[in-house]
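To start, the structure itself, in structure tokens.
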Amino acid sequence: MPWSRRHLLTIEDLSLDEINQIHATAAAFKAVLGRRVKRVPALRGKTIVNLFLEPSTRTRISFEMAAKLLSAEVISFDAAASSTTKGETLRDTAQNIQALNADMIVLRHAASGSPLYLSRVLDIPVVNAGDGAHEHPTQGLLDTFTMKEHLGSLRGRKVVILGDILFSRVARSNIHALTKLGADVTLVGPSTLVPDWFTELGVRVSHNLKSALADAEVVMLLRIQHERQGASHFPSLGEYTSMFGLNKTRASWLNPKAIIMHPGPINRGVEIDSELADGDRSVILEQVTNGIAVRMAALYLCAGGQPENVAPVE
Ligand code: CP
């Protein structure tokens, strides 16, 4: 099937074939990034606006690098210096950016559903760079891309996602991607942050760290998302770490070849000890690097490109 989607809003919307098409396109761009001349002309003449209304390091910079490597002009919106501080709405802001002849908007926003809303009021493609606790589709795509690089097919692979699942858009996007790719997913953490209703998404829920980690081939740590929690969901960070933090002893319960992942930012000594975050089994910085190729794929496909036509090197 040719790629036909103009917006990338959620992984829940994507078919397995579409996920695999994005991964294949990202693999082709990753090969280009290994060459001496990395820039391709695919989006020459296009202008992409990074409309980030929440803080970001990895996502914002990698979208900016991806756009530049595709030869697009890229403008990163400075929320603190913008007219949103004077009360301008998201819709007005985005419609003005469109009126300024932007060809695509990459949106990060605290409100779940805001990218879908913009996709309905704009004529240009919208790419979701994280909306509230809802989804972070390019993160889920780069995480599963990285897992495939290490494990091959994810069908039947034992993946544990450990931490604050309830408030995590990364968890939701990974759950949708991993279940479509056939992985065996277990969510682990305190019951206040990993409620049983997540089983409705086709995953297991466990509050027993030792049994969940036994023989896992991937463990993905998630930080506590204080910015989205209205009230405390556990007595203290120290008690959370003592129950669910990944340390050397607990990592020994994993499959000996297991990889350790984290979308960042890391809270060292809380959800993961530094010796594991920086250790041989960690692929955390590979995830960051893969974000460039995956975001190149997302921008390229939403701009009308086809996976088989990844442009040649200039
Ligand atoms: N993983 C992630 O979304 O990181 P940033 O918030 O720094 O973009």
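Listed by first and then second residue, the pairs linking a residue in the range 129-153 that is more than 18 Å from Tyr117 (Cα to Cα) to a residue that is more than 11 Å from the ligand (Cβ to nearest atom) and of a type in the set (Gly, Ala, Ser), with Cβ atoms under 7 Å apart and 6 or more places separating them unless they lie on different chains, are Thr138/Ala298; Gly140/Ala177; Leu141/Ala177; Thr144/Ala177; Phe145/Ala26. Residues in the range 133-159 that are away from the ligand (no atom under 15 Å from the Cβ) and surrounded by 24 or more Cβ atoms within 10 Å (Cβ to Cβ) were compared, and the one that is farthest from Gln287 (Cα to Cα) is Val159. For beta carbons closer than 8 Å, sequence separation of 6+ or different chains, a first residue in the range 269-280 that is within 14 Å of Val219 (Cα to Cα) and a second that is open to solvent by 20 Å² or more (accessible area, probe 1.4 Å) and at pLDDT 95 or above, the qualifying pairs are Ile272/Ile266; Asp273/Asn247; Asp273/Lys248; Leu276/Asn247; Leu276/Lys248; Leu276/Ser282; Ala277/Ile266; Ala277/Arg268.
Taking first residues from the range 166-177 that are outside the structural domain of Ala129 (by TED's automatic domain parsing) and crowded, with 24+ Cβ neighbours inside 10 Å and partners that are among the hydroxyl-bearing types (Ser, Thr, Tyr) and not in a helix (DSSP H, G or I), no Cβ contact under 6 Å between residues at least 6 apart in sequence or on separate chains turns up. Condition first: open to solvent by less than 30 Å² (accessible area, probe 1.4 Å) and assigned to a strand (DSSP E or B). Can you find one or more residues in the range 79-87 that meet it? So far as the range 79-87 goes, no, none of its residues is open to solvent by less than 30 Å² (accessible area, probe 1.4 Å) and assigned to a strand (DSSP E or B). Which of the following residues is of a type in the set (S, T, N, Q), within 16 Å of the ligand (Cβ to nearest atom) and either surrounded by 17 or more Cβ atoms within 10 Å (Cβ to Cβ) or part of a loop (DSSP other than H, G, I, E, B) (or both): Ser71, Ser56? Testing whether each residue is of a type in the set (S, T, N, Q), within 16 Å of the ligand (Cβ to nearest atom) and either surrounded by 17 or more Cβ atoms within 10 Å (Cβ to Cβ) or part of a loop (DSSP other than H, G, I, E, B) (or both) leaves just Ser56. The sole residue among Ala81, Ala28 that is more than 16 Å from the ligand (Cβ to nearest atom), at pLDDT below 95 and over 22 Å from Ser173 (Cα atoms) is Ala81.
The values are calculated or read from the model by the stated rules, or taken from the named source; none is laboratory data. Note that this is a predicted model, so its numbers are computed, not measured. Positions of Cβ are generated from backbone atoms using ideal geometry, with glycine treated the same way; all protein chains shown enter the neighbour counts. Please note that ligands, DNA and RNA were not included when accessible areas were found on the heavy atoms of the full protein model with its side chains. Shrake-Rupley method; radii C 1.70, N 1.55, O 1.52, S 1.80 Å.
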